[in-house]
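Note sheet for the following structure.
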Amino acid sequence: MGISTEQRVYRNLTPSQLYEHALRRREGVVTSGGPFCAVTSPHTGRSPNDKFLVQEPDSTGQIWWGKVNQPIAPEKFERLKADVEEHLSGQELFVRDVFAGADPAFRLPIRFMTPNAWHALFVYNMFLRPADGELSRFTPGFKVLHAPEFQADPRVHGTKSGTFIIVSFAQRTILIGGTRYAGELKKSIFSVLNYLLPLQGVLSMHCSANVGKRGDCALFFGLSGTGKTTLSADPERRLIGDDEHGWSDAGIFNFEGGCYAKVIRLSREGEPEIFATTEMFGTVLENVDVNPKTGAVDLDSQRITENTRASYPIHYIPNHVPEGMAGHPAHVVFLTCDAFGVMPPIAKLTPEQAMYHFLSGYTAKVAGTERGVTEPKETFSACFGAPFLPLPPSVYAKMLGERIARHDVQCWLVNTGWTGGPYGVGHRMDLKSTRAMIRAALAGQLDTVPTRREPVFGLAVPKQVSGVPDALLDPRATWSDPAGYDAQAKKLTALFRKNFEQFTELVPASVREAGPQT
Ligand code: ATP
Ligand code: MN
């Protein structure tokens, strides 16, 4: 990979070997349950403002340049790459060869090079692990140089800060530095696949996927924290993947070989399959609070960050699909965590409404930790994954629309956010009810149930769902102050309209009109 090091290079070590090196190198601790835990402060989440694509003749005309895809000059990239290579030449290095893309027709071989054993373990967990024979004749189609301790100099390297995530499609190389947050390793590859696959006629999607006993597959789109990982782990359905999938002419396939679950306040009862992985050898815990005396983890603690994570191979979830593939989906669910408390807990979407909500990509964040601040903050992120899209959102939306029509897919909107009032007044939808609604929808039970047209977005909401109190299904009725609901709805629909202005010219009138009604 163009690096000559005086130090040792370790290739494709096993998880237990990586544990031994990570401990020797004091990269973290082994927790009492078996997982390895590392801390990545100060970066405990992705750094979207430090992400760049190299401006190159072959790709530049297709890229959706802007805040998500910032250009960087080839000379700056060359300079940074040389400096990263020199920095890595002075370190022990861990090399890990993996695949992304479970469908052999579309899989991308990737070589990661990192100075930390635990990051190599993360890569091992998250991606598809080649068989021994495949490792011996492995030819990388993309390479990642990971330099978490290297700080870029914005004046020299053209970055915005010491942190950088830079993709060169021409050189098939990614540089990551100035951050230890492991999520950058997986999401940078996702961005690459979101460029390469649509050009091969495969729709790439930020969604989880599972499959029922009858082979019926469901996709769950949603922004961070809306429930992709949580809701796709279902004892009644086999898990295909929790975050990134492709949809080809043959069906859907996982990009990854592992999951990256949020573990803050994870409960053994509510999410048993995911909880179990926090007590398994090989799991990587990131930024979880560990008692130094006992090695016990405190999943309720947000001392380091709210964004605590567990990374584990997909086979740690008992009922998974080993091939990582399934046929064409029967259902597509859009998850939103509406902290405004306006959206219905479940609604049936027409294909036009599905396009409208896919392009809008709405969710809301709660104001978080600042005391006294209770206003929800909206997020609109096209295709429920704008930060990872190198091509314009309309490219992905068009491909999804075609597939929904061709395969007669039923689309749903599920609000995993607030009911009974906005954040600060109401409460989050309980997980049991959300699971019951999704189970009913996927089982076809809601096909015959009468629906009510809710007035705000004009969505068809089932009047009854077994296992769910009827009252929950009418969001306005859950508020003690219905006038407050109307005012909040007005606020939210205005935000939707303003955001959709960027798409009005790009979509047919029927999609434009599938938005808010009031
Ligand atoms: P990311 O893209 O960051 O991985 P994600 O979409 O996978 O995010 P999850 O990890 O599933 O999101 O996070 C959803 C969180 O919300 C979990 O902590 C879950 O316990 C919590 N939660 C609370 N109520 C619900 C609900 N009704 N439905 C889904 N999740 C809920
Ligand atoms: Mn997830």
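Remark: the range 474-483, residue by residue, has Karplus-estimated 3J(HN,Hα) of 10, x, 4, 6, 7, 7, 6, 10, x, 5 Hz, where x stands for each Gly or Pro and the curve is 6.51 cos²θ - 1.76 cosθ + 1.60 at θ = phi - 60°. When the listed pairs 262/432; 398/463; 228/432; 348/463; 262/348; 228/498 are checked against a 21 Å cut-off, the alpha-carbon distance exceeds it for 398/463; 262/348; 228/498.
Between residue 10 and 93, 94, 95, the built amide H atoms are under 5 Å apart, and every one of these is 5 or more places off in sequence or on another chain. Taken one residue at a time, the phi angles of the range 245-262 give Karplus couplings (6.51, -1.76, 1.60, θ = phi - 60°) of 9, x, 10, 9, 5, 8, x, 10, 8, 6, 7, 10, x, x, 10, 9, 8, 5 Hz. Gly and Pro are set to x. If you take every DSSP beta bridge fully contained in the range 1-121, what fraction is antiparallel? Give it as a percent rounded to 5. Looking only at bridges with both residues in the range 1-121, the antiparallel portion is about 55 percent.
Treating the Cα atoms of the range 1-71 as identical point scatterers in vacuum, please give the log10 of the normalised Debye intensity I(q)/I(0) at q = 0.17 Å⁻¹, two decimals. Ignoring solvent entirely, the Cα scatterers give -0.89.
Size descriptors for the range 127-203 (Cα atoms only): Rg and Dmax, in that order, 14.6, 45 Å. Take every DSSP beta bridge whose two residues both sit in the chain; close to 65 percent of them are antiparallel. Karplus-based coupling profile of the range 195-211, in residue order and whole Hz: 8, 5, 6, x, 5, 9, x, 10, 7, 9, 9, 8, 8, 9, 8, 9, 9, with θ = phi - 60° in 6.51 cos²θ - 1.76 cosθ + 1.60 and x standing for Gly or Pro.
DSSP beta bridges confined to the range 134-187 are antiparallel in about 50 percent of cases. Once backbone amide H atoms are built at 1.01 Å from N, residue 70 has 53 as its partners under 5 Å, excluding neighbours fewer than 5 places away on the same chain.
Quick note on the range 433-518: its Rg to Rh ratio, both from C-alpha atoms and Rh being the Kirkwood radius, is 1.04.
Working from Cα pairs under 8 Å separated by at least six residues, relative contact order for the range 1-157 is 27 percent.
Can you send over the carbon and sulfur percentage of the accessible area for the range 214-319, probe radius 1.4 Å, protein chains only? Carbon with sulfur: 50 percent of the solvent-accessible area. In terms of packing, defined here as the mean over residues of other Cβ atoms within 10 angstrom, the peptides 501-513, 327-339 line up highest first as 327-339, 501-513. Near the amide H of residue 333, within less than 5 Å, lie the amide hydrogens of 219, 220, 221, 412, all on another chain or at least 5 residues away, with H placed in the peptide plane.
Three principal axis extents describe the C-alpha atoms of the range 386-495; from largest down they are 43, 33, 24 Å. Here residue 412 sits with roughly 0 square angstrom of accessible surface, probe radius 1.4 Å. Mean residue ellipticity, 222 nm, helices only, the chain: the sum of -39500 (n - 2.57) across DSSP H runs of n ≥ 4, divided by residue count and rounded to 500, is -7500 deg cm²/dmol. Take the chain with all the other protein chains still there, run a 1.4 Å probe, and you get 40 Å² of accessible area per residue.
Evaluated over the Cα positions of the range 325-408, the convex hull gives a direction-averaged projected area, one quarter of its surface, of 7.3 nm².
Report note on the peptides 29-36, 98-105: ranked by the mean count of other C-beta atoms within 10 Å, highest first, their order is 98-105, 29-36.
With all protein chains in place and a 1.4 Å probe, the accessible surface of the range 14-116 carries 51 percent carbon and sulfur. Protein heavy-atom surface of the range 382-512, 1.4 angstrom probe: 56% of the accessible area is carbon and sulfur, with nucleic acids and ligands not counted.
With the alpha-carbon atoms of the chain aligned to their principal axes, the span from lowest to highest coordinate is 70, 55, 49 Å, starting with the largest.
The values are calculated or read from the model by the stated rules, or taken from the named source; none is laboratory data. These numbers come from a predicted model, not from an experiment. Positions of Cβ are backbone-derived with ideal geometry, glycine not excepted, and every protein chain shown enters the neighbour counts. Protein only, heavy atoms only, side chains kept; ligands, DNA and RNA dropped before computing areas. Shrake-Rupley method; radii C 1.70, N 1.55, O 1.52, S 1.80 Å.
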